[in-house]
Amino acid sequence: MIPCGTDLNKFGAIGRQEARQKLGIAPDAKVVIYVGRFDPRKGIETLVRAIAQSNWRGCSDLKLIIGGGSRPGQSDGIERDRIEGIVSEMNLSDITIFPGRLEDDTLPIYYAAADACVVPSHYEPFGLVAIEAMASRTPVIASNVGGLRFTVVPEVTGLLAPPKDEAAFASAIDRILADPALRDRLGETGRQRVEIAFSWESVASRLTNLYGRLLSQTASVSTKKKPQIAA
């Protein structure tokens, strides 16, 4: 299996405090981020309800960033409206930020500013957001589904929780927010894992080796099957 990759030069070039300064976030804030589409299957509701159950609930330093583009009246716009309604219902509006679509020049800054990146999908074939966050040295809390079970190594590069389990996500979020040493250790090993397994260079090298083997096999088979011409 050859996974997707990401650009190591794009992510991880900025530190947490510098990123927070650029975004106007307090140095000692507790920041949780989601990045992705507004879609019910992405599990954003689970994240919002987990934040509402967090031990940090009520702390003015807690910040929830929900990043992603949406179009009014379209399916993603309708889902954003629904999520905003849940945020209001949970009395989290004062700590929740909806920055909209995060472009290439700002996305690495948002990843770097966070204490944890949550990927609460109900299903996920791979999970590019997870490796982008890991490349940014930000630990990932993800649903224990699909490709996320391969991307995120529990207790090594992040934490896994059952999908739709608000209490489990709240517990995982609290662990990282309460333990900066754990956050930094998971973030650093996450970066190392991306360098080894998910960089563009790593993926390109594996593809080159695969095609080289296939071409060699094809050449060998062609030689063996070369027709004989009768004299």
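Annotations
- If the condition is being loosely packed, with under 15 Cβ neighbours inside 10 Å and either out of contact with any helix residue (DSSP H, G or I) (no Cβ under 8 Å at 6 or more places or on another chain) or under 18 Å from Val31 (Cβ atoms) (or both), then segment 156-183 contributes Ala178, Asp179, Pro180, Ala181.
- Selected residue (criterion: nearest to Ile131 (Cα to Cα)) from residues of segment 77-109 that are of a type in the set (D, E, K, R) and assigned to a loop (DSSP other than H, G, I, E, B): Asp104
- Yes/no for Glu18 being touching a helix residue (DSSP H, G or I) at 6+ places or on another chain (Cβ under 9 Å) and closer than 22 Å to Asp184 by Cα: yes
Residues checked against (1) out of contact with any Asp or Glu (no Cβ under 9 Å at 6 or more places or on another chain); (2) modelled with pLDDT of 95 or more:
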residue	(1), (2)
Ala29	no, yes
Ile44	no, yes
Arg71	yes, no
Ile78	yes, yes
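- Positions within segment 20-40 being under 15 Å from the mean Cα position of the chain (by Cα) and not in a loop (DSSP other than H, G, I, E, B), in sequence order: Val31, Val32, Ile33, Tyr34, Val35
- Taking segment 41-69 as the range and being under 25 Å from Met134 (Cα atoms) and assigned to a loop (DSSP other than H, G, I, E, B) as the test, the residues that pass are Gly43, Ser54, Asn55, Trp56, Asp61, Gly68, Gly69.
- Positions within segment 133-153 being at pLDDT below 95 and either of a type in the set (D, E, K, R) or assigned to a strand (DSSP E or B) (or both), in sequence order: Arg149
- Across segment 83-94, the number of residues qualifying as touching a residue at least 40 places away in the same chain (Cβ under 8 Å) and either surrounded by fewer than 17 Cβ atoms within 10 Å (Cβ to Cβ) or touching an Asp or Glu at 6+ places or on another chain (Cβ under 9 Å) (or both) comes to 3.
- Conditions (1) loosely packed, with under 15 Cβ neighbours inside 10 Å; (2) of a type outside the set (Phe, Trp, Tyr); (3) in a loop (DSSP other than H, G, I, E, B); (4) modelled with pLDDT of 95 or more; number of the one not met by Ser121: (1)
The values are calculated or read from the model by the stated rules, or taken from the named source; none is laboratory data. As the structure is a computational prediction, the values presented were derived from the model and not from experiment. So basically every Cβ, Gly included, is an ideal-geometry build from the backbone, and we count neighbours across all protein chains shown.
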